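**Student:** Just dropping this structure here.
Since every read-out is calculated from the coordinates, none of them should be taken as a lab result. It should be emphasised that the depicted structure is a prediction, and the values quoted were computed from it without experimental measurement. Here the Cβ is made from the backbone with ideal geometry for all residues, glycine too, and neighbour counts use every protein chain on show.
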Amino acid sequence: MESIILTTPIVLIGFITAFALLCACFLKKTHAVVLALSMLIFIASASYAVLAGAALAEVGTVSMIFFLVSAVVYVRGRDGK
């Protein structure tokens, strides 16, 4: 079974862009708009991956990692650390 996420370039670029913005939020004190933009790009990429035929387990694994890291970024930004 082939991985849709790894074989479709637009999905892979979308996920990498979302993770890069999320890492920028984690490393620097950025505005909440950057975090929201990162989430929007991720949701759009995940939706396209599902429509392209990706398995839900494949998308779910990537989504779980992304949203756990984004929760850490949100809590860290809220506490001011």
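**Student:** Quickly work out the TYR74-to-LEU56 label distance, labels modelled 7 Å from Cα along the C-beta direction, and quote it in nm with one decimal.
**Tutor:** It works out to 2.3 nm between the two label points.
**Student:** P(r) for the chain, please, calculated from all Cα pair distances in 10 Å bins and given in %.
**Tutor:** Per 10 Å bin, starting at zero, the Cα-Cα P(r) for the chain comes out as 19, 49, 24, 8, 0 percent.
**Student:** Please report, in debye to the nearest 20, how large the charge dipole of the chain is about its Cα centre when each Lys and Arg carries +1 at its beta carbon and each Asp and Glu carries -1 there. Don't jump to the answer; show the numbers that get you there.
**Tutor:** Details: 5 positive and 3 negative charges, 102 e Å.
It works out to roughly 480 debye.
**Student:** Here is a further query. With n ≥ 4 as the cut-off for DSSP H runs, can you work out [θ] at 222 nm for the chain, using -39500 (n - 2.57) per run divided by the number of residues, rounded to the nearest 500?
**Tutor:** Calculated at 222 nm, the ellipticity per residue is -28000 deg cm²/dmol.
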